[in-house]
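Below is one structure, written out as structure tokens, with a few remarks after it.
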Amino acid sequence: MDLTVLVTDDDRDIRDGIEIYLKNEGYNVLKAKDGKEALEILSKNEVHLIILDIMMPNLDGIQATFKIREERNIPIIMLSAKAEETDKIHGLSIGADDYITKPFHPLELIARVKSQLRRYTQLGTYNGASHSKIEVNGLSIDREAKEVRLNGEIVKLTPIEYKITELLLANAGRVFSIQEIYERVWNEEAYNAENIVPVHIRKIREKIEADPKNPRYLKVVWGIGYKIEK
């Protein structure tokens, strides 16, 4: 399967450098200098992952992510020269799947690209419950269709949100720690999981709960982790 990555950054040297490493791994590469150009490219091409800088002219990465998430759930890896945790949390909260701070090692970026694409192209491959369809009190997942529904209505989730929901639904009643969720979903050793996982949990709740502050499905077990109630 030929996979295409869209690299969006206002720095030409960064775009060209990332392109070299991606092409060496066999990926097709498209490039944009800002969010506006990225949206134009997305409207005309099949793209499987976006690398998106936050600080750009015309349309920045935050605004572009909002626009992208209105129609697409493809993985988004955000780039930023800012190292503050608030920037990372903000990027994740608006729909990004991962975040990497400049300057970064190209091989680290490639590893994250591979990890995100693996999840995106192989959704529904957990070793938990083997059934393709799982339902708990009106919240259901169809692993073959890669859909989550609430009372029959499709819930739009990002790839990371889907994987967290799948993990918890497939093991309804079991409590997963933040570290375990991170390692199972991101498929890597937990790093800064306490700041990353809760952001995604909050976004899932906003989409599946009538009252996110008093959730019916996605429960916190204080001091331990999260579960989906049976």
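So, counting K/R as plus one and D/E as minus one, what does the shell of residues with Cβ under 11 Å around residue 137 add up to?
Values: positive: 216, 230; negative: 135, 229.
Taking every other residue near residue 137 into account, the sum is 0.
Spelling out what I want: for every residue of segment 53-67, take phi, set θ = phi - 60°, compute 6.51 cos²θ - 1.76 cosθ + 1.60 (Karplus), and round to whole Hz; glycine and proline get x.
Karplus values, whole Hz, x for Gly and Pro: 6, 7, 8, 9, x, 6, 9, 7, x, 5, 5, 5, 4, 4, 5.
Quick check for you: which residues of segment 148-182 have the amide N under 13 Å from the point 7 Å beyond the Cα of residue 220 toward its beta carbon?
Of the residues in segment 148-182, 178 have backbone N under 13 Å from the label point off residue 220.
Test of understanding: what is the full-extension gain from residue 206 to residue 136, defined as 0.36 nm times their sequence separation minus their Cα-Cα distance?
Going from the current span to full extension adds 23.4 nm.
With every protein chain left in place, what is the accessible area per residue of the chain in square angstrom, probe 1.4 Å? Display every interim value, and only then the final one.
On the way: 11370 Å² over 230 residues.
Normalised by residue count, the accessible surface of the chain is 49 Å².
Work out from phi, with θ = phi - 60° and the Karplus expression 6.51 cos²θ - 1.76 cosθ + 1.60, the ³J(HN,Hα) of each residue of segment 166-176, listed in order in whole Hz, and give x for Gly and Pro.
4, 4, 6, 5, 5, 10, 3, x, 8, 8, 10
Regarding segment 76-230, what's the average projected area of the Cα-atom convex hull, expressed in nm²?
Average of the hull's projected areas for segment 76-230 equals 8.9 nm².
What's the carbon and sulfur percent of the chain's accessible surface, probe 1.4 angstrom, rounded to a whole number? Spell out each step's value before the answer.
On the way: 5320 of 11370 Å².
Taking all protein chains in place, the chain shows 47 percent carbon and sulfur surface.
Would you please put 175-182, 159-166 in order of how densely packed they are, using the mean number of other Cβ atoms within 10 angstrom per residue and starting with the highest?
For the peptides 175-182, 159-166, the packing ranking is 159-166, 175-182.
What residues qualify as long-range amide H neighbours of residue 3, i.e. H under 5 Å apart, gap of 5 or more or another chain, H built at 1.01 Å from N?
The answer is 28.
Ranked highest first by the average count of other Cβ atoms within 10 Å around their residues, in what order do 31-37, 201-207 fall?
Details: 31-37: 20.1, 201-207: 17.9.
Ranked by mean Cβ neighbours within 10 Å, highest first: 31-37, 201-207.
Whole-Hz Karplus ³J(HN,Hα) for segment 93-101, in order, using 6.51 cos²θ - 1.76 cosθ + 1.60 and θ = phi - 60°, x for Gly and Pro?
Rounded to whole hertz, the list is 5, 8, x, 5, 9, 8, 8, 9, 9.
In whole Å, what is the distance between the alpha-carbon centres of segment 39-103 and segment 155-230?
22
The values are calculated or read from the model by the stated rules, or taken from the named source; none is laboratory data. Not measured: the values here are computed from a predicted model. With ideal geometry, Cβ positions are generated from the backbone for all residues, glycine too; neighbour counts draw on all protein chains shown. Just so you know, the surface numbers come from the protein's heavy atoms only, side chains and all, with ligands and any DNA or RNA stripped out. Shrake-Rupley method; radii C 1.70, N 1.55, O 1.52, S 1.80 Å.
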